[in-house]
Amino acid sequence: MGAEAMDEELTGRSDPGPRGWLPMLPGGTVENTDATPEDTLHREAAEEAQLTLADPVRLGWVLDETGEVYGGVGPNARLRLAAPVTAIEPAAVDPAAGHPFARLLATPAQAAALLGWGPPGTRQAQLAADAAREQWGLPTARTAAIEEIPAEGSGMS
């Protein structure tokens, strides 16, 4: 089971792979040190994208028919979470990947399109935008150009 994040001003990462840059959200497999999927999200967001998050909310599950990303483990469900980003630290090497990731800012709808998630992703992007507005009082993000977060991080606190 993986935990991946979306929030109103989505912060994603981009992984250089054999077919070029692959956009993805911070998240991953629950480890023995993680008591909950939310703990996994906090840890993975810090490791992969140097993000500090407030308390996440669960958006739902997405069926992964093949589990290819985990070595072809077969069908599994991936939990989707949303959380406000409270800090963006300078870029650092992800301990699991061995390199830093490019970090991108996009609206949830832009992220769902960029990630190629289709209708389930569009629904989850809307749930993330709704959670941002209803739970955290954040305004609806306006569509703008997707931009890369500078390597030195952001002045937000």
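Assorted remarks:
- Shape of region 20-157, Cα gyration tensor, a/c cut at 1.5: rounded
- Summarised as an ellipsoid, region 84-157 has semi-axes of 24, 17, 12 Å, derived from the eigenvalues of the Cα gyration tensor scaled by 5 and square-rooted, with the largest first.
- Protection proxy ranking, peptides 71-82, 49-60, average beta carbon neighbours within 10 Å, highest first: 49-60, 71-82
- In the context of the full set of protein chains, residues of region 93-157 present 60 Å² of accessible surface per residue (probe radius 1.4 Å, heavy atoms only).
The values are calculated or read from the model by the stated rules, or taken from the named source; none is laboratory data. Every value quoted in this text rests on a predicted model; they were computed, and no experiment measured them. Heads up, the Cβs are rebuilt from the backbone with ideal geometry, glycines too, and the neighbour counts pull from every protein chain shown. Accessible surface areas use protein heavy atoms only, side chains included; no ligands, DNA or RNA. Shrake-Rupley method; radii C 1.70, N 1.55, O 1.52, S 1.80 Å.
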